[in-house]
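Below is one structure, written out as structure tokens, with a few remarks after it.
The values are calculated or read from the model by the stated rules, or taken from the named source; none is laboratory data. Everything numeric in this text was worked out from a predicted model, so none of it was measured. Reconstructed Cβ throughout: ideal geometry from the backbone, glycine too, with neighbour counts over all protein chains shown.
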Amino acid sequence: MTVALVEDHQVVVDGVRSWFGPPSPVELVAQGPTIESVSGTAADVLLLDLNLNGTMVVDRIAGLCAGGQRVIVFSEHEEPEMVRTVLDAGASAFIGKGRATRESCLETILEVAADRPSMTPPMAQAIATDEGPHRPQLSDKERAALLYWFQSMSKASVAARMGIKERTVRQYIDRARVKYAAAGRPAPTKEKLLICAIQDGLVQPDEVTVYTSLAAKTPPDP
């Protein structure tokens, strides 16, 4: 697994660098103080600080994720509202610098690189303190991905319809599952997730009709 790190404090860079490399399964392949400084490197995961040279880069996350980049925010700004903001923008996970350990960071990176749902302490706190914790707040893109997927579309077809990568579609669906699990309403199957979405008014029953896509001829996902 490969990681690119965007961080402008050398002491943090040195600490993170010591986590990677043999015998770790994660390799740091690029590092720089700006997003542009690592943009030419293909990495499984982008580890991104939010405050770079005094400028918050929250507004860059959506574009990175829409382009298929897996993003883990690595920041000291662990306020629940900020965590919710970056997750809604498409980040796969949020690691708080104040409580990060080598083991926990590697675990999160490996989960995200494998497109598996991840839940860190700041994420759990952000979801638990959100308004209506039993009714998870999904982003517009998460809701759109679920709706298209419920319409018997494959994830590849959903990606074509939304103009994003299939990997990003999986991330949206997995993130919705993580939010429901954190709210005490686990939805491990497509059918259970549909029931939860209808119960919460995120999807109307008459919206769940079979959609015939010309974008891909792959069969619907289970």
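Points to keep in mind about this one:
- Qualifying residue in region 113-124 (condition: at positive phi and in the same structural domain as PHE20 (by TED's automatic domain parsing)): yes
- Residues located in region 135-160, provided they are farther than 17 Å from VAL203 by Cβ and part of a loop (DSSP other than H, G, I, E, B): SER154
- Residue count for region 98-118, restricted to those that are loosely packed, with under 13 Cβ neighbours inside 10 Å and either among the hydrophobic types (A, V, I, L, M, F, W, C) or part of a helix (DSSP H, G or I) (or both): 4
- Residues in region 34-91 that are closer than 19 Å to GLN137 by Cβ and of a type in the set (A, V, I, L, M): VAL58, ILE61, ALA62, VAL73, MET82, VAL83, VAL86, LEU87, ALA89, ALA91.
- Hits in region 120-134 - residues which are outside any helix (DSSP H, G or I) and either among the β-branched types (Val, Ile, Thr) or in contact with a strand residue (DSSP E or B) (Cβ under 8 Å, 6 or more places away or on another chain) (or both): THR120, THR129
- Residues located in region 119-133, provided they are at pLDDT 80 or above and either surrounded by fewer than 21 Cβ atoms within 10 Å (Cβ to Cβ) or polar (S, T, N, Q) (or both): MET119, THR120, PRO121, ALA124, GLN125
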